[in-house]
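> For reference, the structure I am asking about is given below.
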Amino acid sequence: MNVNYQKIIELVLNTKDLILNTEKANQVTVKGLADYVTQVDFSVQSYLVSALADAYPEIQFLGEEGHKEHLDWTRPVWILDPVDGTTNLIHDYQNSCVALGLWDGTQLVFGCVYNPFHNELYRAVRGEGAYLNDRKISVSDRPTLSRSLILVGTSPYEKDRADEVFDKIKRVYVASEDVRRSGSAALDFCTVACGRVDGFFEYNLKPWDYAAGSVILEEAGGRFTTPTGKTVFPGENSDVVGTNGLIQQELMDKLNETK
């Protein structure tokens with residue numbers, strides 16, 4: 001598969017004005033419990049669907065806002081979240097991003113996560129390392145959970161699971177230095193990748209939430225699995241744990257503790 005990744009990155013960077021369009025950010029539709037979509041989401045996805053199809057018509061497409069038809073996972077697939085952190089966008093929290101990953105038929109091989117609010121572009125090609133803008137990045141070297149700062153997800157679309165999820169967050173909070181919540185899983189993976197925090201976990205993430213960020217994390221030297229240590233397949237929702245690698249087992253053990 002011959003893909004010009006620099007060209008793809010330029011397409012993602014071209015979405016800046018679309019994402020920063022406050023008028024469209026205020027045009028909100030409710031999809032479900034705590035689940036929203038704005039005209040920004042639709043504008044970004046429409047632009048990238050068209051641009052990617054023009055450049056690589058043979059590559060299939062999976063996007064959050066539609067385009068969920070049956071896919072042949074033995075062939076390449078673009079996986080896009082046009083705005084990861086839509087609730088953040090609605091509130092002008094300025095922690096939202098475009099997240100684009102590429103599956104080559106056997107594995108995720110490319111990830112690009114762009115936060116235009118802070119002009120931060122994270123990118124990785126399998127086997128070539130991970131970068132923040134033009135700087136190569138790597139995960140932290142903190143060796144234990146007790147010395148780690150952990151990002152958490154609250155599974156806001158499944159508030160009926162709040163007791164279960166927050167019990168796990170409490171276990172990790174007590175065992176670690178502290179926890180944080182950003183509202184964008186894609187950016188959470190990147191924050192671990194560049195060593196600002198040491199781990200992240202969330203339950204029932206969609207493929208477009210983790211596809212791009214997981215490549216960046218692994219190329220930065222981190223680990224990405226389910227809470228039981230299994231490989232994550234991007235054709236389905238998954239519970240996920242991503243860390244600097246050194247605390248992966250300890251964090252998984254804490255999440256899997258029984259009362």
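> Quick check: from the Cα gyration tensor, does region 161-246 come out rounded (a/c under 1.5), prolate or oblate?
oblate
> Could you rank the peptides 184-193, 200-209 by their average count of other C-beta atoms within 10 Å per residue, with the highest value first?
In decreasing order of mean packing, 184-193, 200-209 become 184-193, 200-209.
> Per-residue accessible area for residue 91 at 1.4 Å probe radius, Å² rounded to 10?
140
> Once mean projected area of the Cα convex hull in nm² is worked out from the coordinates, which option in (1) 16.1; (2) 12.9; (3) 17.2 does it equal?
Checking each listed value against the structure points to (2).
> Here's another thing I want to ask about it. Picking from 232, 174, 240, which is most flexible by a Gaussian network model of the chain using Cα springs under 10 Å?
174
> Given R₀ = 45 Å, what would the calculated FRET efficiency be for residue 180 paired with residue 58, taking r from the Cβ atoms and rounding to 0.05?
Efficiency computed from Cβ-Cβ geometry: 0.65.
> Give the accessible surface of the chain per residue, rounded to a whole number of Å², with probe radius 1.4 Å and ligands, DNA and RNA excluded.
Result: 44 Å² of accessible area for each residue.
> Shifting gears a bit: Would you compute, from DSSP H runs of 4+ residues alone, the mean residue ellipticity of the chain at 222 nm, taking -39500 (n - 2.57) per run and dividing by the full residue count, rounded to the nearest 500?
-9000 deg cm²/dmol
> Leaving ligands, DNA and RNA out of it, report the carbon-plus-sulfur percent of the accessible area of region 151-258 at a 1.4 Å probe.
Carbon-and-sulfur percentage of accessible area, whole number: 45.
> Enumerate the aspartates and glutamates that residue 136 could reach by cross-link, defined here as Cα to Cα under 15 Å, with residues fewer than 8 away along the same chain left out.
Cα-Cα hits under 15 Å: 120, 128, 218, 219.
> Compare 63, 127, 111 in a GNM of the chain, Cα atoms joined below 10 Å, and give the one with the largest fluctuation.
Per the Cα network of the chain with a 10 Å cutoff, 127 tops the list.
> Set the bar at 22 Å for Cα to Cα. Now go through 16/159; 170/254; 24/159 and name every pair that lies beyond it.
Flagged as over cut-off: 16/159; 24/159.
The values are calculated or read from the model by the stated rules, or taken from the named source; none is laboratory data. Quantities reported herein were computed from a predicted structural model and do not represent experimental measurements. Virtual Cβ from ideal backbone geometry, glycine too; neighbours counted across all protein chains shown. Accessible surface is based on the protein model in full, side chains and every heavy atom, while ligands, DNA and RNA are left aside. Shrake-Rupley method; radii C 1.70, N 1.55, O 1.52, S 1.80 Å.
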